[in-house]
Amino acid sequence: MQSVLRRVYAAQLSTAVGDGAVLTTATLVFAVILGFGEGVVGPALGGGALLGLVLSVPLGRLADRIGLARAAAGFSVVAAASMILFAIAQTPGVYVAGALCWGVAQANLLPLRQALAASQVPLEGRVRLRAILHTLLNVGMGLGAAWGAVAVALDLRAVFVGTFLVHAGICLATGALYAFLHSSRGIATLPGAESAAWRDRRLLALTALAAMLQFSIPILGVLTPIWVVTRTAAPEWLPAVALTMNMLVVVAVQLRWATWVQSAARARASAHIAGAAAVLACVTLGIAPGLGGAGASVAVLAGILFITVTEVTAGAASWFRLTQLSPIGRQGEFQAVFSTSTTLARIVGPALLLPMVIAVGLPAWAALGLLIAGAAAGLAGVLGRSGRTIDA
């Protein structure tokens, strides 16, 4: 069991390093430096996530037949291909092809890794497991963001291309790790379309709420970089620094916070904190263009700090509710369905929220904050009707 978990953890961390570097550079490269604009970049990223979601059922059936580890190895190759396309992209068409491949890979690798890990952990350890995976994700994203900040500061085409190619190498290396993992015993399978979990209304409601709460993902990786570069006087490298700060905060508190959320009452309080922090984050980011360079920088950093609080507290509350709903012996099914919430956030964020925020500004940011707060209130309401306590 520990051998499988260690390998999954290693894959989670190393892949996140590359993802963090790509997120903090690719958006700027293709939207601003190469001039494709948010009208191409946003829909391309959202379209990739949507394609990954649409293909999740047939690809899930394929994973059932060939095994989770082999499927993860295959998607790692797709992710590597997307990075190669990014590296050679000089036209919107090539970039869009890369974004579609990346969306499909990300949408499927996340639930595969979570299902692999969840199959090794008993029910009472699931909230803690989620926290560990999320912490590793943020450590990697933060390290990658620091790498991306250097790349943006250097502002050299060769550095950006090298970043994409290095991440391609990381994807191939983790693919080899998954392929080797296939020989391990006790690996669960990923549910297909026939899974009864897709008909559980409570789970579907939780997934929808979690998707809105996870708008923090596109805010961090897509909305803020373009917003800062095109609408504020803050330096271009600031979003990468802010993402590194996000990582440090998450690493410091995520696991402890998730361990503290051991009851429905604490999970409900966590959801309320998430909603309040989301409103503060979006309003703070929205007012940044009206400030000077120093003021805008402070506002952006404060906004990212608030959205980090949302990420930590909303995640713990959502995972607690997921643990309540997951029947013993069917955690893999419920984990797989719940994981689509991340994909949904990645669809709506770049494709819809980015154009809206860039075009409208502060009112759109405020509406986004209220939307996330509404989802947090909905989750708190559900948790308020549940009194079950678990041991973390």
Put in order of increasing Cβ neighbours within 10 Å, starting from the fewest, 101, 171 give 101, 171
Would you mind ranking 167, 134 so that the residue whose beta carbon has the fewest other beta carbons within 10 Å leads the list? 134, 167
Proxy exposure order for 38, 311, 236 (fewest C-beta within 10 Å first) is 236, 38, 311
If you take mean projected area of the Cα convex hull in nm² from the coordinates, which of [x] 19.5; [y] 23.0; [z] 16.3 do you get? [z]
Sorted by packing (mean other beta-carbon atoms within 10 Å per residue), highest first, where do 352-358, 253-259 land? 352-358, 253-259
Evaluate the charge dipole of the chain about its Cα centre and quote only its size in Debye, nearest 20, assuming +1 on the Cβ of each Lys and Arg and -1 on the Cβ of each Asp and Glu. 1020 debye
Over region 2-384, calculate the relative contact order: mean separation of alpha carbon pairs under 8 Å at least 6 apart, over the residue count, as a percent. 27 percent
Most mobile of 300, 22, 337 in a GNM of the chain (Cα contacts under 10 Å): 337
With charges only on Cβ, +1 for K and R and -1 for D and E, what is the dipole size of region 33-166 about its Cα centre, in debye, rounded to 20? 400 debye
Using the Cα centre of the chain as origin and beta-carbon charges of +1 (Lys, Arg) and -1 (Asp, Glu), tell me which of 281, 63, 334 is placed farthest towards the positive end of the dipole. 334
Charges on Cβ only, +1 for Lys and Arg, -1 for Asp and Glu, centred on the Cα centroid of the chain; of 261, 142, 13, which one is farthest towards the dipole's positive end? 261
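Here, each number is a calculation from the coordinates, and none is a lab measurement. Here the structure is a predicted model, which means the values were calculated and not measured. Every residue, glycine as well, gets a Cβ built from its backbone with ideal geometry; the counts of neighbours run over all protein chains shown.
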